[in-house]
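For reference, the structure discussed in these notes is given below.
The values are calculated or read from the model by the stated rules, or taken from the named source; none is laboratory data. Computed from a prediction, not measured in an experiment: that's the story for all the values here. Reconstructed Cβ throughout: ideal geometry from the backbone, glycine too, with neighbour counts over all protein chains shown. All accessible areas refer to the heavy atoms of the entire protein, side chains included, with ligands and DNA or RNA removed. Shrake-Rupley method; radii C 1.70, N 1.55, O 1.52, S 1.80 Å.
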Amino acid sequence: MTAQIISGTEIRKAILGEIKEEVDQMKEKHGKVPGLVTILVGSSPASISYVTLKVKTAISLGFHEIQDDQPEDISEKDLLALIDKYNNDPDIHGILVQLPLPKHIDDKKVLNAINPDKDVDAFHPVNVGRLMIGGDEVKFLPCTPAGIQEMIVRSGTETSGAEVVVVGRSNIVGKPIAMMMAQKGVGANATVTIVHTRTKDLASHCKRADILVVAAGVPDLVKPEWIKPGATVIDVGVNRVGMNEQTGKAILKGDVDFDAAKEIAGKITPVPGGVGPMTIAMLMKNTLRSAKLSLGID
Ligand code: NAP
């Protein structure tokens, strides 16, 4: 049996369509639209391309979007003052600072200066704490884990009582998705195990998983024989394994041996075209939520 492919590209399209509809309604009923500022320091080509994609997506949804580009040598004090300005701007509901920042700036200090109610990346310790508490306390979920959960739910995978195994314990993927799946609520109520480099017998844990989330950054780490027949496999890994000489683009591979795994899994995400496209959709969803909260309509 070949697994159902969970397409992040298609789910993203559906989510962006839903957001656009809500933005149009908000504009009509309240005369307001979500406001997002994207702060880019310096001119790293990778950062420019990430920011450009975020800005384009926000504009396509009808957001009020400010792209605030700052020179590489901006002082930490001036950057903090800029954050403070947007913290106090009622038309801005989401503040994004593109990482990495130049070495002379303490990125932790900058990210922690963002008002947690405008922290649409959900990296601020207040939002990490809210995620731990769960329920109504949560304002924003971190974007990649939120995208993973959305894919699990929209693919029709049952999570309640499911054995979820998360490979990886990073602050941006492994730990938050594990906590989210263990919470009470829709798309959660799972029994969760986190595994990492010190885990004894990784294979035996993976084999138990009804839902296997892999975020290790190691190409083909998960072997097909580690997958429980019929399991839902979410491959978060993005590994550059070479260069396509014709297109000049990097060849990407996930953390799961996709071709073999798709013959065993029930549902599986591809790389590319799986979790990757979801992150930006969830960023836009968080910005919409922030605007709704500020209007008292969520
Ligand atoms: P990270 O900070 O490097 O963390 C990797 C985690 O995997 C660590 O907890 C590490 O364990 C564990 N790990 C590594 N090798 C392992 C092995 N052989 N066996 C068991 N565990 C192992 O990475 P990350 O930021 O979470 O990202 C993980 C992957 O997801 C990367 O490929 C990244 O590019 C991708 N990613 C994709 C998106 C997206 O598509 N939007 C977003 C974020 C990340 P230890 O803690 O013991 O070292």
Quiz item: What about Thr144, is it on the phi < 0 side of the Ramachandran plot and open to solvent by less than 60 Å² (accessible area, probe 1.4 Å)?
Solution: yes
Exercise. Look at Ile264 and say whether it is in a loop (DSSP other than H, G, I, E, B), closer than 23 Å to Glu137 by Cα and either more than 9 Å from the ligand (Cβ to nearest atom) or not β-branched (Val, Ile, Thr) (or both).
Key: no
Exercise. Go through the range 240-259 residue by residue and tally those that are more than 21 Å from Met151 (Cα to Cα), open to solvent by less than 70 Å² (accessible area, probe 1.4 Å) and not in a loop (DSSP other than H, G, I, E, B).
Key: 2
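Yes/no per residue for (1) touching a His at 6+ places or on another chain (Cβ under 9 Å); (2) of a type in the set (A, V, I, L, M); (3) under 29 Å from Val37 (Cβ atoms):
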{"residue": "Val120", "(1), (2), (3)": "yes, yes, yes"}
{"residue": "Val153", "(1), (2), (3)": "no, yes, no"}
{"residue": "Val173", "(1), (2), (3)": "no, yes, yes"}
{"residue": "His196", "(1), (2), (3)": "no, no, no"}
Self-check item: Filter result (open to solvent by less than 10 Å² (accessible area, probe 1.4 Å), more than 21 Å from Val126 (Cβ to Cβ) and within 12 Å of the ligand (Cβ to nearest atom)) within the range 173-199
Solution: Val195
Practice problem: Would you please list the contacts, defined by Cβ atoms under 6 Å and residues six or more apart or on different chains, that run from a residue in the range 146-172 that is away from the ligand (no atom under 16 Å from the Cβ) to a residue that is of a type in the set (D, E, K, R)? | Solution: Ser155/Lys267; Ala162/Asp210; Glu163/Arg208; Glu163/Asp210
Exercise. Considering every residue within the range 220-231, establish whether at least one is away from the ligand (no atom under 14 Å from the Cβ) and surrounded by 22 or more Cβ atoms within 10 Å (Cβ to Cβ).
Key: yes
Quiz item: Which of (1) under 29 Å from His124 (Cα atoms); (2) in contact with a helix residue (DSSP H, G or I) (Cβ under 9 Å, 6 or more places away or on another chain) does Gly237 not meet, given it meets every other one?
Solution: (2)
